[in-house]
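Have a look at the structure below, then the notes.
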Amino acid sequence: MARVSRWLAAALLCLPGMAGMAGTAIADVGSKLDAYEAEARQLAANLPTPNAATPRASQRRQVDAEVAFALGDYDEAALALFDLAARPGPDQERALYYLAESLLAKGDRGAARTYFNQVVAGGNQVGKHYQPSLIRIVEIGIALNDTPPAEQALAALDRVSPSARLPQVVYVKGKWAFAQGKPDEALALFRDVPKGAAYELQALYYTGAAQVAKKDTAAATLTFTDLVERRPKTAADRRVIELAQLALGRVYYERDQMSKSIDSYLLVDRNSDLFPDALYEVAWVYVKSKQFDKALRALELLSLSDPTSERTATVRILEGNLRIRKARMIREAQLAGTLDAGPRDPSIEYDKAAKVFADTHDAYYPSYVALEDMMKTPEEASAYLAQLAGRSATVFQTVAPIPEAAAQYLREQPEVRLAVANQADLAAVHAHLIETEQTIARLEGVIAAGDRTVVYPQLAGRRQRIGQLENELIAFRNDIANQQVAQVAASGALAQATSQRKALAAQFASTPVPEVAQSTSTAAARERYDELDAGLAEVGGQLDSSQAIAVAVRTFVVAPATEGAAGVTPEQKAAVKTELAAIALEAHDVELELAELRLAATLGRDLAGVGDDTVVRARKLRVELIAAQDAEQRLLASAGGPAKLTQLAERAGKIVAQLQQTEATIDGVVERAMTEATLILRAERAKIDGYKLELAEHEKESTDLGGTILGASFATVKAKFYDVAIRTAVGSVDVLWSQKEDADADLKKLQLSRQRELKGLRDEFKDILDASQLNAPGTLTSTPVRGDGTAPTASPDQGGAQRVTPGGDPRPVVPTVRPDSKPATTPPGGAR
């Protein structure tokens, strides 16, 4: 429609009486050209400078790092701050401080102290981060029990003007005095913490702890009671109040105030990470109070809330012992006749106790056996360390996986925890280096492609807009030229230029627009790479399935003390291990190939649409068409014609020339930037190679030291599992022994009852029994007679000389013969 309108305007110019309307159309075209000129000037102004680090970018990275720190993503914060902390400038101190805080939050106190020291070394005593850094150094000294650095930091704090000193300085001095075993000095310092200060509640908690250290439990009770009644303002305050709840429960326990101790423990919020500690401790309070039902409920809830804790085995064993005690109490109540109403049967508790001991034994004994087997191959400790740290590149390994219970216990060891954390940090560094290498490879691939239209998105966006404007102006200039040619006698060079321009215009019209063609080509290429990714994902899934089978084989065949390994011979186990080793190598090669293909797919997606022949031809044709239009316009200007059309054509040509100049300028900027980027990437790759060598040294040192630590911890953890196995076995024996004692008591009770009944029968039928005994034929013995003339009655349970069967004859008691004695022999005739 726009082209038709232009042709109508040209026709109106040729008609008499239509000058006013034509003027209006020309005015509209002029305003359109004004807009083109303004946009062309805007596109040429303030071209972005690639590869330049601006202060605004650094500030944005600093803000991003602080946001990551506030959200608890300390790894990301530290990664972003490492580079900023190394750059001198006004923001360096701030970057150093937050880097140190991020490392401290990650648990790396040594590295954190290094950066806090760098903040202090700046000597900016009035700076925002100077005193907080000194305070952190003192706190790290307390945690590491490292006195000299902490004392130096305290001395530096004393040199700060009292009026400029932060309120938490007094608090940290009190913490230092408490850590040094000086409770009186600590109490004096904590009392000086200002009311309403950020550390007021922490100071109050340490006050109670110092009073406990002085054995003043009454004062500590008042202090902790005051603390738990405070309203928290921050998350740190809430944490301190929860700790005070636990402390108050312990103080009441020490003062034998069990009900108050229980109430204090139960006030800990169930969503708190201190809730398992509260449950564990309140269970012991219930045990001491002989409230076994409540103790059992607390232990059951603890097992559900914290099933992976190292305390789980102790909790389960305690639960079994409590059920034995409960069964005995029920038994005693039955005998005393004081049993409460309801179904109370000690056998139920005995069965539950036996099941608890059996389940606990089954859960932990395989770990004991696995550790015993692992200790036989100390050279494989580094592989086990990699499993604990989650650094196993593949699960195709010849060593059996560590049982989860053993892994949990090993991670709870302080030295192993540090070794695992170190391995995790090294793994993060390794991953970042790999990611950086891949990024460098991607950038190098884009630069090597030599297409200046796809690099630097901001410049590429301007280039794309320039192309769109050139397309519109080409169509406009074609319309104007056609109108001019219609009003002049075209011949010679002009006719040839017009013919060439029209041919190129027709060819350009039949060719896809370069920007549209590039977008279409890019979308099609990326779709093909998406299909490749789907195929790679399928291969990865099959590899994962094979890995799962390998895990099952190791667990049930190679690993010791498993049901599957019971019927497997050592030769078969060795063959399986050899096969797994071969599969591991093959799987490793497959994983490397998958990684290379994924990287190639990523690079291909980055270069999608680059170097497309259709796009290249369309752009080249556009340049040729603009050159043809320029040549024709020069000839038309000299041939004469309508001045208005000539002016419009010249303005359009100048706009196109300005756009081409801007595009050439962008090409130069991109060319220089790509050359500079090549040098930067080369330098960065050299740095990466150096970092990889340094990382390899640290990994070797960490692996060797960590493997030694882990190997030494095997014996410690194995002893714990042995203790669990013995205690569960003893518990099972206790159950059986208690049941035996109950059965023996029942049997004794039945025997006593029977003997009493027999005695009653003898007393009742005494006359009949005596007469029967006196009149019995062949009786050689007579019944002894007491002094009062009556026959004595012998109770069977009192060792009577004769035992009388109801309704039968008395039988002489056969003396007991010891197994090691020989029966007396009587010679014939009665002689000895």
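In this entry, region 381-532 is assigned a mean projected area of 15.7 nm², taken as a quarter of its C-alpha convex hull surface. Shown for region 673-767: the carbon plus sulfur share of the solvent-accessible area, taken with all protein chains present and a 1.4 angstrom probe, equals 61%.
Give the Kirkwood hydrodynamic radius (Å, one decimal) of region 613-696, defined as one over the mean of 1/r across all pairs of different Cα atoms.
On the way: mean 1/r = 0.0590 Å⁻¹.
For region 613-696, the Kirkwood estimate is 16.9 Å.
Remark: region 463-518 projects, on average over all directions, an area of 4.2 nm² (convex hull of Cα atoms).
Rg then Dmax, both in Å and based on the Cα atoms of region 238-311: 11.6, 33.
Sort 124-131, 356-363, 506-513 by the packing proxy (mean of other Cβ within 10 Å over each peptide's residues), most packed first.
On the way: 124-131: 15.6, 356-363: 19.2, 506-513: 14.1.
Final packing ranking: 356-363, 124-131, 506-513.
Directionally averaged projected area (region 437-485, Cα convex hull): 4.3 nm². Take the alpha carbon atoms of region 162-205, find their center, do the same for region 593-665, and report the distance between the two centers in whole angstrom. First find each Cα centre; the distance between them is then 73 Å. Note on region 632-759: Cα Rg divided by 2.2 N^0.38 Å, N the number of residues, gives 3.48.
The three principal axes of the Cα atoms in region 725-767 give end-to-end lengths of 64, 8, 6 Å, sorted in falling order.
Gyration tensor over the Cα atoms of region 297-387: the corresponding equivalent ellipsoid has semi-axes (square roots of 5 times the eigenvalues, largest first) of 40, 14, 8 Å. Computed from the Kirkwood radius of its Cα pairs, the Stokes-Einstein diffusion coefficient for region 570-670 at 4 °C and 1.567 mPa s stands at 65 µm²/s. In plain terms, the chain from ALA523 to GLU254 could stretch by 89.5 nm, reckoned as 0.36 nm per residue minus the Cα-Cα distance.
Please report, as a whole percent, how much of the solvent-accessible surface of region 381-493 comes from carbon and sulfur atoms (probe radius 1.4 Å).
Details: 2650 of 4790 Å².
Carbon plus sulfur share of accessible area: 55 percent.
Label-to-label distance for GLU579 and ALA449 is 4.7 nm, based on points extended 7 Å past Cα in the beta-carbon direction.
Surface listing: LEU473, LEU769, LEU750, LEU79 arranged by accessible area from highest to lowest gives LEU750, LEU79, LEU769, LEU473, probe 1.4 Å.
Computed from the Cβ-Cβ distance with R0 of 22 Å, the FRET efficiency linking ARG230 to SER305 stands at 0.25. On a per residue basis, region 377-481 carries 43 Å² of accessible surface, using protein heavy atoms and a 1.4 Å probe.
Quick check: net charge around ARG685, other residues with Cβ under 12 Å of its Cβ, Lys/Arg +1 and Asp/Glu -1? Result for the neighbourhood of ARG685: -1.
Here's the list of lysines a cross-link from LYS326 could span, going by alpha-carbon distance under 20 Å and ignoring same-chain residues fewer than 8 apart: LYS288, LYS290, LYS294, LYS352, LYS355, LYS740.
Straight Cα distances below 24 angstrom link LYS173 to the lysines LYS128, LYS182, LYS195, LYS214, LYS215, LYS233, with same-chain residues fewer than 8 positions distant left out. Per residue, the convex hull around the alpha carbon atoms of region 164-238 comes to 83 Å³.
The values are calculated or read from the model by the stated rules, or taken from the named source; none is laboratory data. Computed from a prediction, not measured in an experiment: that's the story for all the values here. All Cβ positions, even for glycine, are placed from backbone atoms using ideal geometry, and neighbour counts span all protein chains on display. Accessible surface areas use protein heavy atoms only, side chains included; no ligands, DNA or RNA. Shrake-Rupley method; radii C 1.70, N 1.55, O 1.52, S 1.80 Å.
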